[in-house]
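The values are calculated or read from the model by the stated rules, or taken from the named source; none is laboratory data. Note that this is a predicted model, so its numbers are computed, not measured. Note that each Cβ is placed from the backbone with ideal geometry, even for glycine, and that neighbours are counted across all protein chains shown.
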Amino acid sequence: MSLEQNQPPKAWFNVLRNLTQIAQLGLNMALPLVLGVAGSLWLQKKFLLGGWVVLLGILLGLLGAAGGLWQFCRQALAQTRRRRETRDDGTTHSP
């Protein structure tokens, strides 16, 4: 995807905002799962626990990722509603 140099700065701002949101979504999904698995593997080795600890870590990681996705979606919907209600000039309008 390439934007021409003569496009207004607002277009670039929108592209950067969308890329930031995609990166945030990726981190919200991946980080809890990675931390859950890494933490459970550490617990398993440290305390000589069974494989159930890893399954528990995966489950907790998936729940954390789902919670992050839910929060991200709520935030994105609220932001979209605010943008629809407020025009660029700052005036509000009814749909």
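When region 25-49 is filtered for residues that are farther than 13 Å from Gly64 by Cβ, of a type in the set (A, V, I, L, M, F, W, C) and within 19 Å of the chain's Cα centre (by Cα), only Leu25 remains. Against the numbered list (1) at pLDDT 90 or above; (2) in a helix (DSSP H, G or I); (3) not acidic (Asp, Glu), Leu49 comes up short only at (2).
Taken together, the residues in region 52-87 that are free of Cβ contacts under 8 Å to residues at least 12 places away in the same chain and farther than 21 Å from Gly39 by Cα amount to 15.
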